[in-house]
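The values are calculated or read from the model by the stated rules, or taken from the named source; none is laboratory data. Please read all numbers here as calculations on a predicted model, not as lab measurements. Note that each Cβ is placed from the backbone with ideal geometry, even for glycine, and that neighbours are counted across all protein chains shown. Just the protein is used for accessible areas: all its heavy atoms, side chains included, with ligands, DNA and RNA removed. Shrake-Rupley method; radii C 1.70, N 1.55, O 1.52, S 1.80 Å.
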Amino acid sequence: MTRPESFAGPRDAIALTQESVAATWKAELAVVIGRLGTIAGFSILNEVTVGWLSLGPALVTPDELPGGLRPRLALHSFVDGRPVQKTDTGDLDFAALVHRVAQRVRLEPGDVVAAGHDEVPLLLSEGCVLETEIHEIGFHENVVERVT
């Protein structure tokens, strides 16, 4: 279970404690669950391994995307302006993913299932700027901050 205080918006800072020395990051497509376990839409999800999630900026419904429930979306991510991930979702079957997850846990409307590839193998430090873009959905820019 993720705590509400660990969520950030697409332009919010991600605050890491001093103990979080080995934080890594993964940019993913978020599959948002609708009524009766259907796919309500897609968004961007940035996941930092120490428990932070950045979600947004929009929920785009399948009928708004080329490919509908199986859209081929280009995902680009950068750290401090340097490209670190360039992939697309063409090989992912979102309906099958949701079905597999639903066999293990009960999915409710508004639940989010992360769909993506391997995490970026780098350590985050204070001041890092994490950027993620999926053209059809939007853009994230999160700055890593240290808190005491």
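Being at pLDDT below 90 and β-branched (Val, Ile, Thr) is the filter; apply it to region 69-109 and report the residue that is surrounded by the fewest Cβ atoms within 10 Å (Cβ to Cβ). By that ranking, first place goes to VAL84. I'd like to check something: does region 22-36 contain any residue that is closer than 15 Å to THR132 by Cβ, small (Gly, Ala, Ser) and modelled with pLDDT of 90 or more? Checking region 22-36: at least one residue is closer than 15 Å to THR132 by Cβ, small (Gly, Ala, Ser) and modelled with pLDDT of 90 or more.
The criterion of at least 3 residues that are under 16 Å from the mean Cα position of the chain (by Cα) and not hydrophobic (A, V, I, L, M, F, W, C) is met by the following strands (runs of 3 or more DSSP E) wholly inside region 34-137: 39-48, 52-60, 82-88, 129-134. Pick from region 1-18 the residues that are open to solvent by less than 80 Å² (accessible area, probe 1.4 Å) and under 13 Å from the mean Cα position of the chain (by Cα): which of them is modelled with the highest pLDDT? Among those that are open to solvent by less than 80 Å² (accessible area, probe 1.4 Å) and under 13 Å from the mean Cα position of the chain (by Cα), it is PRO10. The C-beta contact set for region 70-96 (first residue more than 17 Å from VAL112 (Cβ to Cβ), second residue part of a loop (DSSP other than H, G, I, E, B) and open to solvent by 40 Å² or more (accessible area, probe 1.4 Å), distance under 6 angstrom, 6+ apart or interchain) comprises THR87/HIS117; ASP88/ARG72; GLY90/ARG72.
Test VAL143 against the stated conditions and say whether it is of a type in the set (A, V, I, L, M) and in contact with an Asp or Glu (Cβ under 9 Å, 6 or more places away or on another chain). Explain how you work it out, then say what you get.
Working: of a type in the set (A, V, I, L, M): yes; in contact with an Asp or Glu (Cβ under 9 Å, 6 or more places away or on another chain): yes.
Yes.
When residues of region 110-142 are filtered for being of a type in the set (A, V, I, L, M), closer than 14 Å to VAL48 by Cβ, modelled with pLDDT of 90 or more and buried (at least 16 other Cβ atoms within 10 Å of the Cβ), how many remain? So that I can check it myself, show each step before the final result.
If we filter region 110-142 for residues that are of a type in the set (A, V, I, L, M), which is where we start, we get 112-115, 120, 122-124, 129-130, 134, 137.
If we keep only those that are closer than 14 Å to VAL48 by Cβ too, we end up with 114, 120, 122-124, 129-130.
When the remaining residues are screened for being modelled with pLDDT of 90 or more, the result is 129-130.
Narrowing the set further to residues that are buried (at least 16 other Cβ atoms within 10 Å of the Cβ) leaves 130.
Result for region 110-142: 1.
Any residue in region 32-43 that is surrounded by 15 or more Cβ atoms within 10 Å (Cβ to Cβ) sitting within a Cβ distance under 6 Å of a residue that is of a type in the set (D, E, K, R) and in a loop (DSSP other than H, G, I, E, B)? List the pairs, counting only those 6 or more apart or interchain. Close Cβ pairs satisfying both conditions: ILE33/ASP111.
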